[in-house]
Amino acid sequence: MFDLDKLSLYADRLSGARECRHLVSRYAYYFSSMRTLELAGLWARRDDSVFITLWGEYDGYEGIRRHFTEEMGDRSTPGMDEFMKGKVFIREFNTEMLQVAGDGKTARGSWISMGHNAFIRPDGIPQADWVWNKYAIEFINTDEGWKIWKMHIFPVFSTPFEQAWTVDSAYQGFRFPNLRPDKPLAEPLWHWTVDGAYPSDEPDLPRPYHTYEDIRFV
Amino acid sequence: METNHDDLKRRLDRLQAVQDCRNLMGAYSLLHTAYRNKEFVELWANRDDDVLLMPWGAYYGIDGVRECYLEHHGDREDMAAEDNPQLHGGMFMHCMDTEIIEVAEDGQTARAFWFDPGHETYVEFKEDDGKLARDDWDQGIPHTDWCWGKYAVNFIMEDGVWKFWQMQLFPLTRQSFYTCWTHNKPYPGHKFAMGGPLPEQIWEYADDLIYPADRPDPPIPYKTFDMKIHGILVPYENS
């Protein structure tokens with residue numbers, strides 16, 4: 001028997017995957033171009049939205065908005081043109097795993113990001129760094145369409161372009177000034193060590209699921 | 001344009017299959033780097049016609065796949081993991097991008113291609129007696145290599161779940177972080193006496209060699225899988 005509702009949900013879930021993938025790409029493009037007002041707009045306007053990055057955690061849409069639009073700044077803000085001179089932050093995303101919930105209301109995915117930073121050091125010398133990260137992201141389907149709900153960035157390495165990441169493997173490089181996350185990181189950042197093991201679950205594999213449960217994926 | 005439920009469902013199933021195959025390749029990457037090879041082997045079809053062609057050797061059937069990943073590699077839960085430089089001080093990361101995924105019209109198989117930009121970090125020791133000295137691990141010499149390649153993969157639907165079926169890794173370049181890839185050294189396959197002989201010598205960059213036209217041939221749309229046309233060994237049977 002023709003079940004239009006089931007087929008519609010199936011099509012919606014496939015379309016939802018594409019929307020989530022586009023959210024990740026938009027994140028990359030807006031981050032690079034310092035269009036942080038639009039970057040914040042990718043997030044769900046919820047109190048349980050979360051952004052866990054390499055220096056701490058930002059909680060709720062307001063915390064996330066404050067980080068992107070105030071701590072980073074938007075290119076339209078007066079004075080940002082001077083700040084942005086000589087700075088380029090590129091994040092490219094690949095190696096996707098993405099699961100849209102059976103009920104079509106949420107999604108969960110992971111990506112590897114190959115990227116690089118360029119900025120002017122305090123001594124006036126331009127610096128270029130290779131920057132690789134991994135991302136665990138949960139998405140939610142809202143009245144405004146699909147949005148990023150929770151995001152966790154895991155480090156791989158950040159190293160000067162001329163220096164292998166094993167020389168000084170502590171995550172280095174550019175930091176925006178005056179960062180005030182809502183919470184510190186729950187654990188120290190992993191970084192490569194000669195006698196350590198690569199983490200088993202940063203991130204863990206997103207598995208198929210029907211209805212959202214908080215399994216601490218992010 | 002679909003005019004009935006079954007045709008529309010089949011179309012949606014094929015779209016979902018693209019995501020499922022993409023997810024499998026993402027899982028391969030994450031599990032491989034995390035050295036969770038027991039879980040990776042579970043993603044393979046339980047068939048005698050599985051094929052795994054790695055730069056160092058060939059493996060056939062699900063038993064061959066298990067040999068490659070469970071014996072020749074190992075798993076992070078193994079007793080020997082602490083002494084394994086691929087895990088202990090190691091980081092082997094292979095990303096997947098520039099995908100082409102073609103799902104057969106019958107929805108039972110898929111053929112795919114990815115480029116793989118990656119890097120490999122491992123610790124090397126001067127071995128006096130052939131053994132790695134665990135207590136001296138921090139005196140090991142870290143090596144960091146850029147390691148790029150290409151993947152050709154055939155997938156198959158098994159009991160309603162998509163699985164790896166046939167895979168070949170084509171090396172592109174592998175060289176020290178500090179070395180230009182035009183100074184590519186020959187792949188040290190002789191160091192890894194594992195797997196059976198490859199059906200063809202792997203291509204590697206050299207200033208007097210031409211980049212291959214069809215290693216692999218990017219997949220194109222197809223109706224039904226024919227091993228004599230789509231099998232991963234076909235290019236070598238005809239050459």
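The values are calculated or read from the model by the stated rules, or taken from the named source; none is laboratory data. As the structure is a prediction and not an experimental result, all values here were calculated from the model. All Cβ positions, glycine included, derive from the backbone under ideal geometry; neighbour counts span all protein chains shown.
Of the residues in the stretch A:171-218, how many are under 20 Å from the mean Cα position of the chain (by Cα) and under 25 Å from residue B:125 (Cα atoms)? Of the residues in that region, 4 qualify. So which residues in the stretch A:156-193 are farther than 13 Å from residue A:128 by Cα and aromatic (Phe, Trp, Tyr), if there are any at all? Within the stretch A:156-193, A:157, A:165, A:171, A:176, A:190, A:192 meet the criteria. Within the stretch A:103-155, the set of residues being within 18 Å of residue A:14 (Cα to Cα), small (Gly, Ala, Ser) and either away from every other protein chain (no Cβ under 14 Å) or in a strand (DSSP E or B) (or both) comprises A:107, A:109, A:110, A:145. As for the stretch A:12-19, it holds no residue that is out of contact with any Cys (no Cβ under 8 Å at 6 or more places or on another chain), surrounded by 15 or more Cβ atoms within 10 Å (Cβ to Cβ), more than 14 Å from every other protein chain (Cβ to nearest Cβ) and of a type outside the set (Ser, Thr, Tyr).
When we screen B:114, B:148 for residues that are at pLDDT 95 or above, within 30 Å of residue B:17 (Cβ to Cβ) and either buried (at least 18 other Cβ atoms within 10 Å of the Cβ) or within 14 Å of the chain's Cα centre (by Cα) (or both), the only hit is B:114.
Residue-wise test of (1) modelled with pLDDT of 90 or more; (2) within 21 Å of residue B:61 (Cα to Cα); (3) surrounded by 13 or more Cβ atoms within 10 Å (Cβ to Cβ); (4) in contact with a Pro (Cβ under 9 Å, 6 or more places away or on another chain).
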{"residue": "B:166", "(1), (2), (3), (4)": "yes, yes, yes, no"}
{"residue": "B:173", "(1), (2), (3), (4)": "no, no, yes, no"}
{"residue": "B:176", "(1), (2), (3), (4)": "yes, no, yes, no"}
{"residue": "B:187", "(1), (2), (3), (4)": "no, no, yes, yes"}
{"residue": "B:192", "(1), (2), (3), (4)": "no, yes, yes, yes"}
{"residue": "B:198", "(1), (2), (3), (4)": "yes, yes, yes, yes"}
{"residue": "B:205", "(1), (2), (3), (4)": "no, no, yes, no"}
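Considering A:57, A:96, A:92, the condition of being more than 13 Å from chain B (Cβ to nearest Cβ), surrounded by 15 or more Cβ atoms within 10 Å (Cβ to Cβ), touching a residue at least 60 places away in the same chain (Cβ under 8 Å) and among the acidic types (Asp, Glu) is satisfied by A:57 alone. Check whether at least one residue in the stretch A:25-34 is surrounded by 15 or more Cβ atoms within 10 Å (Cβ to Cβ), under 18 Å from residue A:90 (Cβ atoms) and in contact with a Gly (Cβ under 8 Å, 6 or more places away or on another chain), and report yes or no. Looking for residues that are surrounded by 15 or more Cβ atoms within 10 Å (Cβ to Cβ), under 18 Å from residue A:90 (Cβ atoms) and in contact with a Gly (Cβ under 8 Å, 6 or more places away or on another chain), one finds at least one in the stretch A:25-34, hence yes.
One residue stands out in the stretch A:28-42 among those that are over 23 Å from residue A:86 (Cβ atoms) and in contact (Cβ under 8 Å) with a residue 12 or more places away in the chain: the one that is farthest from the other protein chains (Cβ to nearest Cβ), namely A:40. Of the residues B:45, B:17, the single one that is out of contact with any Gly (no Cβ under 8 Å at 6 or more places or on another chain) and more than 10 Å from every other protein chain (Cβ to nearest Cβ) is B:45. Answer with yes or no whether residue A:211 is within 8 Å of another protein chain (Cβ to nearest Cβ) and touching a residue at least 12 places away in the same chain (Cβ under 8 Å). Here the answer is no, as residue A:211 does not meet what is asked. Among all residues of the stretch B:126-139, there is none that is at pLDDT 80 or above and surrounded by 17 or more Cβ atoms within 10 Å (Cβ to Cβ).
Within the stretch B:38-54, identify whether any single residue is of a type in the set (A, V, I, L, M, F, W, C), part of a helix (DSSP H, G or I), closer than 27 Å to residue A:201 by Cα and more than 14 Å from the chain's Cα centre (by Cα), and answer yes or no. The answer is no, given that none of the residues of the stretch B:38-54 is of a type in the set (A, V, I, L, M, F, W, C), part of a helix (DSSP H, G or I), closer than 27 Å to residue A:201 by Cα and more than 14 Å from the chain's Cα centre (by Cα).
Scanning for something without any contact (Cβ under 8 Å) to a residue 40 or more places away in the chain and touching a Leu at 6+ places or on another chain (Cβ under 6 Å), does the stretch B:147-157 turn up at least one residue? Yes, the stretch B:147-157 has at least one match. The residue of the stretch A:156-167 that is farthest from residue A:105 (Cα to Cα), among those that are within 13 Å of chain B (Cβ to nearest Cβ) and within 16 Å of the chain's Cα centre (by Cα), is A:157.
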